[in-house]
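Read through the structure below, which is laid out as structure tokens, and then see the notes.
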Amino acid sequence: MNNSIIDKAKQTWNEIDINQVRDVAWCSISFFGRKLAKSFSGEESSVSLIHHLLVQRLPAERLNNLKGTAIVCGDMQAERGFFEDNSIVKFQQVDGFDLSDISLARYTPDENISFTPHVIDCNNLVLERDCYDLIVGCHGIHHIYNLGNTFYQAHKALTDGGLIYLYEWIGLEYLQIPRINHIFAAILLFLLFPSKSIRTTHMGKVKGFWIQHSPNEFDPSEACNSQELLKQFEKYFQPIKIVFHGGLTYPIFEGIAQNIDQTKLINKLRIQIVYYLEVILTKLKIIKPCFMAVIAEKKIINH
């Protein structure tokens, strides 16, 4: 990535209203988060599963003095629970890497954690060997172009028995929607949400025939090399649990989630129709998943 792209990306994340982004996002619909967590562990949180796995994999004397890191972590809101929940294991030190110093400064860590922010271009990430028991990437690593280096560094830095958790976009570059996904999403939007007011995004665009912004309307780092993400990840890590999803829920609900009253029975039914249809069509390989959630261990690599 050249400097102008990096500078533009940094400006975007320095100035963005991150709370608004979260309010309108498809994943603000709580049903989806619960179903994702249950697909991992049968519970409503992935954190406890990961912590229990660490208990099984790491020496007992280390479990109250763990070290973790989050890569392209922003304000740490998606990552903090993995490190601040100390009911099973305890993290003492956490590093956070991000391009935006302003985003990092928004995070107020738990008093029991020593948090060190690192303001860097994560395309040039360099990590120490065998220093982290848990590495987390949530919705940020797809902003990195140099993914081969990212996962090489993560592999080098992960301790024996340590884990890496990612929740990332693996769809088309610049968040574009595959044609078949687009067709199904448009049909469901018109059938389930005939009201234009519900289908109108926070930016005034009406979803239906139109689903997604064009590539040049995004921050230039947005999903800039996303088709390589899973391929590069699997060079260095072996999944323990992996879930692919988001092929319909993302294109349908992204940007309009704030318009949907999740307490109403009719909306609960609409949400579930989309979710279960997505599950079926993904299993049949009719639509393509947009997101991956994965817990993995590092592979043994012979150089």
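Structure above, values below:
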{"read-out": "Which numbered condition residue 114 fails, given (1) touching a strand residue (DSSP E or B) at 6+ places or on another chain (Cβ under 6 Å); (2) under 26 Å from residue 230 (Cα atoms)", "value": "(2)"}
{"read-out": "Tally, over region 62-78, of residues that are of a type in the set (A, V, I, L, M) and either in a loop (DSSP other than H, G, I, E, B) or more than 15 Å from residue 136 (Cα to Cα) (or both)", "value": "4"}
{"read-out": "Only listed residue being at negative phi, surrounded by fewer than 19 Cβ atoms within 10 Å (Cβ to Cβ), in contact (Cβ under 8 Å) with a residue 60 or more places away in the chain and more than 20 Å from the chain's Cα centre (by Cα), chosen from 260, 271", "value": "260"}
{"read-out": "Candidates 69, 116, filtered to the one that is among the β-branched types (Val, Ile, Thr), surrounded by fewer than 17 Cβ atoms within 10 Å (Cβ to Cβ) and under 29 Å from residue 149 (Cα atoms)", "value": "116"}
{"read-out": "Among the residues listed as 144, 187, the single one being buried (at least 19 other Cβ atoms within 10 Å of the Cβ) and either in contact with a Phe, Trp or Tyr (Cβ under 6 Å, 6 or more places away or on another chain) or at pLDDT 95 or above (or both)", "value": "144"}
{"read-out": "Residues of region 236-253 satisfying the condition of being under 28 Å from residue 34 (Cα atoms) and surrounded by fewer than 22 Cβ atoms within 10 Å (Cβ to Cβ)", "value": "238, 239, 240, 241, 242, 243, 244, 245"}
{"read-out": "Selection status of residue 88, touching a helix residue (DSSP H, G or I) at 6+ places or on another chain (Cβ under 8 Å), outside any helix (DSSP H, G or I), surrounded by 16 or more Cβ atoms within 10 Å (Cβ to Cβ) and in contact (Cβ under 8 Å) with a residue 40 or more places away in the chain", "value": "no"}
{"read-out": "Cβ-Cβ under 7 Å pairs, at least 6 apart or on other chains, region 4-24 side free of Cβ contacts under 8 Å to residues at least 60 places away in the same chain, far side assigned to a helix (DSSP H, G or I) and not aromatic (Phe, Trp, Tyr)", "value": "22/28"}
{"read-out": "Identity of the residue in region 1-22, surrounded by fewer than 17 Cβ atoms within 10 Å (Cβ to Cβ) and among the basic types (Lys, Arg), that ends up farthest from residue 119 (Cα to Cα)", "value": "22"}
{"read-out": "Count of residues meeting criterion [touching a Gly at 6+ places or on another chain (Cβ under 9 Å) and either assigned to a helix (DSSP H, G or I) or touching a residue at least 40 places away in the same chain (Cβ under 8 Å) (or both)] in region 25-45", "value": "4"}
{"read-out": "Qualifying position, being aromatic (Phe, Trp, Tyr) and touching a residue at least 40 places away in the same chain (Cβ under 8 Å), among 151, 115", "value": "151"}
{"read-out": "Verdict on residue 126 being modelled with pLDDT of 95 or more, of a type in the set (Val, Ile, Thr), part of a loop (DSSP other than H, G, I, E, B) and touching a His at 6+ places or on another chain (Cβ under 6 Å)", "value": "no"}
{"read-out": "Filter result (aromatic (Phe, Trp, Tyr), buried (at least 17 other Cβ atoms within 10 Å of the Cβ) and over 16 Å from the mean Cα position of the chain (by Cα)) within region 208-235", "value": "218"}
{"read-out": "Inter-residue pairs, beta-carbon under 7 Å, first over 21 Å from residue 149 (Cβ atoms) and in region 213-229, second among the polar types (S, T, N, Q), 6+ apart", "value": "215/176"}
{"read-out": "Matching residues, region 236-276, being out of contact with any Lys or Arg (no Cβ under 8 Å at 6 or more places or on another chain) and either assigned to a strand (DSSP E or B) or of a type in the set (Asp, Glu) (or both)", "value": "239, 240, 241, 242, 243, 244, 245, 254, 261"}
{"read-out": "Residues being of a type in the set (Phe, Trp, Tyr) and either in contact with a Leu (Cβ under 8 Å, 6 or more places away or on another chain) or within 30 Å of residue 129 (Cα to Cα) (or both) - total across region 18-77", "value": "1"}
{"read-out": "Qualifying residue in region 51-61 (condition: within 18 Å of the chain's Cα centre (by Cα) and either closer than 27 Å to residue 245 by Cβ or part of a strand (DSSP E or B) (or both))", "value": "no"}
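The values are calculated or read from the model by the stated rules, or taken from the named source; none is laboratory data. This structure is a prediction, so every number in the text was calculated from the model and none was measured. Methodologically, a virtual Cβ is constructed for each residue, glycine included, from the backbone with ideal geometry; neighbour enumeration extends over all protein chains shown.
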